[in-house]
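Take a look at the structure below.
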Amino acid sequence: MSHEVRGVVAAGKGAPVRVETVVVPDPGPGEALVRVKACGVCHTDLHYREGSINDDFPFLLGHEAAGVVEAVGPDVTNVTSGDYVVIAWRAPCGVCRSCRRGRPWYCFDSRNAAQPMTLSDGTPLSPALGIGAFAELTLVAAGQAVKVDPAARPEAAGLIGCGVMAGFGAAVNTGNVSRGDTVAVIGCGGVGDAAIAGATIAGARQVIAVDVDPQKLEWARRFGATHVVNATAEDPVEAIRALTGGNGADVVIEAVGSPVTYKQAFLARDLAGTLVQVGVPNPTMTIELPMIELFGRGGALKSSWYGDCLPTRDFPLLIDLYLSGRLDLDGFVSETIDLDAVEDAFARMQRGEVLRSVVVF
């Protein structure tokens, strides 16, 4: 049996998305059918629409989602019908070299494959990040469905599935921010603000937010920034140094994905400080740094992949922080929209008017 639902499809590079009829099969072995309750509009979905990820059009967009398991296929034991879940775009396989070494957050063989969803004419769809959650139902590998506390409202909970986890994890998991640290975050969109929230919860005594947009700097204060730097008005490296007694920050998180901001983050570290890159660069971008600076400054230069998270460990933790009032997931939700408004939401996102638009079903 299959199910016909409405879904947001990107048919070709740069073309406006449209709502189409999507055919979703019943779950097979190792799969879960999820009734989506809410899904955030993330930059990654726009990258898919623009052809920046790959050219496997048409795409079924949406990946930052929470919902309820409708049914599971044979041999599924981690979730069952009726479970409230956040969908992860990486499910550690358990058997690759990284998983066997106890580092499942570096898994290079994530098992995300499920039966294909199609258009009504049978055209196979490529689900964004193996999810495709801008639809009333989606079919995923069961390991991607992570059970969480149903008390969390879905428009907030779903954001953990991508942007919030990426930023929070960049600070807590990759950057290992500790009590008393000084932290700077360059780029204060959804991911950057999640990094600010993570650093604050981890006990950083000083969290410096850097951006070129005054509105984003105000949002950053909401999530725990103790100081803000407008990079159009002052040199961010010098400003960070001035705010940290001339030393630089212990941890600098680059949440833009630009050679300019990466170099700023590199130079704004304290001696032997840590740089964490979580901003996703364009594949054509390059950076040049003097080797004597790489040697002389010491420390660590790290890339953070999905916040180096283990979804089954970290998703429930973040939900608990939310429900206890320590992590303001509601603050990331700028607006709720219906499925037909995703294209307009992309435009608002590009103009920097929202942290997250969230489709609610």
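Derivation of every value follows stated rules applied to the coordinates shown; laboratory data play no part. The structure displayed is predicted, hence computed values, not measured ones. All Cβ positions, even for glycine, are placed from backbone atoms using ideal geometry, and neighbour counts span all protein chains on display.
Numerical summary
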item	result
Extreme residue, positive dipole direction of region 167-304, given options 261, 299, 280 (C-beta unit charges)	299
Estimated [θ] at 222 nm from DSSP helical runs (n ≥ 4, -39500 (n - 2.57)) normalised by residues in the chain, nearest 500	-7000 deg cm²/dmol
Selected from 319, 287, 253 as most flexible by GNM, with the chain as the system and alpha-carbon contacts under 10 Å	287
Expected-Rg normalisation [2.2 N^0.38 Å, Cα atoms] applied to region 310-361	1.38
For region 1-51 versus region 301-361, the gap between their alpha-carbon centres in whole angstrom	18 Å
Point-to-point label distance, residue 35-residue 271, nm (Cα→Cβ direction, 7 Å offset)	6.2 nm
Principal axis dimensions, largest first and in whole angstrom, of region 167-304 by Cα	38, 31, 28
Extent along principal axes [Cα atoms of the chain; Å; largest to smallest]	65, 42, 40
Distance between modelled label sites at residue 324 and residue 336, nm, 7 Å Cα→Cβ extension	2.6 nm
Sorted peptide list for 195-202, 19-26, 345-352, 292-299, criterion being average Cβ within 10 angstrom, highest first	195-202, 19-26, 345-352, 292-299
Reference-scaled alpha-carbon Rg (2.2 N^0.38 Å with N residues) for region 1-140	1.04
Added length on full extension, which subtracts the Cα-Cα distance from 0.36 nm per residue, residue 205 to residue 242	11.8 nm
FRET efficiency, 1/(1 + (r/R0)^6) with R0 51 Å, evaluated for residue 1 and residue 287 via beta carbons	0.45
Size descriptor, Kirkwood hydrodynamic radius, that averages inverse alpha-carbon separations across region 273-361, Å	17.0 Å
Dipole moment magnitude, nearest 20 debye, the chain about Cα centre, only Lys, Arg, Asp, Glu C-beta charged	1040 debye
Residues in region 204-225 reached by a label modelled at residue 233 [backbone nitrogen below 20 Å; 7 Å Cα→Cβ]	207-225
Rg to Rh quotient for region 166-219, alpha carbon positions, Kirkwood Rh	0.95
Gain upon complete extension [residue 54, residue 149; 0.36 nm per residue less C-alpha separation]	30.7 nm
Residue 221 paired with residue 123, simple spin-label distance in nm, labels 7 Å along Cα-to-beta-carbon	4.8 nm
Estimated dipole of region 167-304 in Debye, rounded to 20 [Cβ of Lys and Arg +1, of Asp and Glu -1, Cα centre]	340 debye
